[in-house]
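A.B. asks: Below you'll find the structure I mean.
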Amino acid sequence: MCSVISRVKPVQRALASTLRLRTNADGLNYAAAQSRRFCPGLSTGAQPLWVTSRSYCARIATTDGLFFRQLFEVESCTYTYLLADTDTKEAVIIDPVLETIDRDLELIKELGLSLKVAVNTHCHADHITSTGLMKKRLAGLKSAISKFSGASADIHLKEGDNIPFGRHSLTVRETPGHTDGCITLVTGDQTMVFTGDALLIRGCGRTDFQQGCAKRLYQSIQEKIYTLPDHCLVYPAHDYLGQTVSTVGEERKFNPRLTKSMEEFVEIMNNLNLPKPDKIDISVPANLVCGLHHV
Ligand SMILES: [Fe+2]
């Protein structure tokens, strides 16, 4: 659950629909609009921005032999990520959502993937994870979450742990602040980072519940995410505005909260005055037991 969700909740479905329309039916116009948005000075030129500047995100994945898919859940605006070794077919899923379990399992089946681990970046407050149910439907699947999350899982992760899948792996970086048990996952070649609710595109997770601490979040992002290469692609757990990917360099330069001093950041985060998330009372207890509570 993130800091901007409550303010935009009434229009989430509309935004999600807009995103689908833009990317499916109006992709070229959307790309042009994005180009104008990110660099107005180049908006009338024929070339999109990403051709002319390396400081902006222009890709979705680069690693040879790595299958990557970004999936979206409309109600909570959650991104689920599926990664796999294209040769061995071993796969990992990040932050799967209960409402989209059938879609995700169908995709995994169609692609002939062998899902080894379902990992949650933290104990979510805005939706129920499908991890527990997925384990019941896929033999051999293991669940994983931070040892500091307080949640049950097959694997309790800590700083420096690796989640292997075929020739690839994800490395755990502990990034507390949104919750005590937030982790960020980095691909072995540091070309992709999955930031959960710690760092969002031009934003960050709220810090006013679930052991939230603005100072810790600021330190986590500065020390564990902003130390990655500029070109590293940033994939957050949510986006409410149709943004799908960023880069470390882009966020370091343009994130309106994280370009501030720690003191200014803490002041901003402590005065957001956000209402309690709608689903927190059912999501957190469920997610503490792999999403199976009341399911
Ligand atoms: Fe969250």
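The values are calculated or read from the model by the stated rules, or taken from the named source; none is laboratory data. None of the values given here were measured: they were computed from a predicted structure. In this analysis, Cβ positions are derived from the backbone assuming ideal geometry, glycine residues included, and neighbour counts consider all displayed protein chains.
A.B. asks: Looking at the range 50-69 only, could you name the residues that are of a type in the set (Ser, Thr, Tyr), at pLDDT 70 or above and more than 14 Å from THR187 (Cα to Cα)?
C.D. replies: Listed by number, the list holds a single entry, TYR56.
A.B. asks: Do we find a residue being outside any helix (DSSP H, G or I) and among the charged types (D, E, K, R) anywhere in the range 90-107?
C.D. replies: Within the range 90-107, the subset outside any helix (DSSP H, G or I) is 90-97.
Keeping just the survivors that are among the charged types (D, E, K, R) gives 90, 95.
Looking for residues that are outside any helix (DSSP H, G or I) and among the charged types (D, E, K, R), one finds at least one in the range 90-107, hence yes.
A.B. asks: For the range 204-250: of the residues being touching an Asp or Glu at 6+ places or on another chain (Cβ under 9 Å) and among the charged types (D, E, K, R), which is surrounded by the fewest Cβ atoms within 10 Å (Cβ to Cβ)?
C.D. replies: Among those residues, the one meeting the criterion is ASP230.
A.B. asks: Considering the range 239-256 alone, what residues qualify as being within 16 Å of the ligand (Cβ to nearest atom) and touching a helix residue (DSSP H, G or I) at 6+ places or on another chain (Cβ under 7 Å)?
C.D. replies: Correct list: TYR240 only.
A.B. asks: Another question about this same structure. What number of residues within the range 242-254 satisfy the criterion of being touching a strand residue (DSSP E or B) at 6+ places or on another chain (Cβ under 9 Å) and closer than 23 Å to ASP126 by Cα? So that I can check it myself, show each step before the final result.
C.D. replies: Of the range 242-254, the ones touching a strand residue (DSSP E or B) at 6+ places or on another chain (Cβ under 9 Å) are 243-248, 250-251, 254.
Subset that is closer than 23 Å to ASP126 by Cα: 243-246.
Qualifying residue count for the region: 4.
A.B. asks: Right, here's the next one. Answer yes or no: is there a residue in the range 134-143 that is within 18 Å of PHE194 (Cα to Cα) and not in a helix (DSSP H, G or I).
C.D. replies: As a first pass, look at the range 134-143 and keep what is within 18 Å of PHE194 (Cα to Cα): 143.
From what's left, not in a helix (DSSP H, G or I): 143.
Looking for residues that are within 18 Å of PHE194 (Cα to Cα) and not in a helix (DSSP H, G or I), one finds at least one in the range 134-143, hence yes.
A.B. asks: With respect to TYR218, is the statement that it is away from the ligand (no atom under 16 Å from the Cβ) and among the hydroxyl-bearing types (Ser, Thr, Tyr) true?
C.D. replies: Here the answer is yes, as TYR218 does meet what is asked.
A.B. asks: Name the residue that is nearest to SER76 (Cα to Cα), counting only residues in the range 232-268 that are part of a loop (DSSP other than H, G, I, E, B) and among the charged types (D, E, K, R).
C.D. replies: Looking only at the range 232-268, we keep the residues that are part of a loop (DSSP other than H, G, I, E, B), and these are 232, 237, 239-245, 255-261.
Retained after the next criterion (residues that are among the charged types (D, E, K, R)): 239, 257, 260.
Numbers: ASP239: 9, ARG257: 22, LYS260: 28 Å.
Looking at residues that are part of a loop (DSSP other than H, G, I, E, B) and among the charged types (D, E, K, R), I get ASP239.
A.B. asks: Tell me, please, whether a residue that is under 22 Å from ILE221 (Cβ atoms), away from the ligand (no atom under 16 Å from the Cβ) and of a type in the set (S, T, N, Q) can be found in the range 127-144.
C.D. replies: no
A.B. asks: Which residue, of ILE128, ILE101, ILE93, is farther than 22 Å from VAL193 by Cα, buried (at least 24 other Cβ atoms within 10 Å of the Cβ) and among the β-branched types (Val, Ile, Thr)?
C.D. replies: After applying the criteria, what remains is ILE128.
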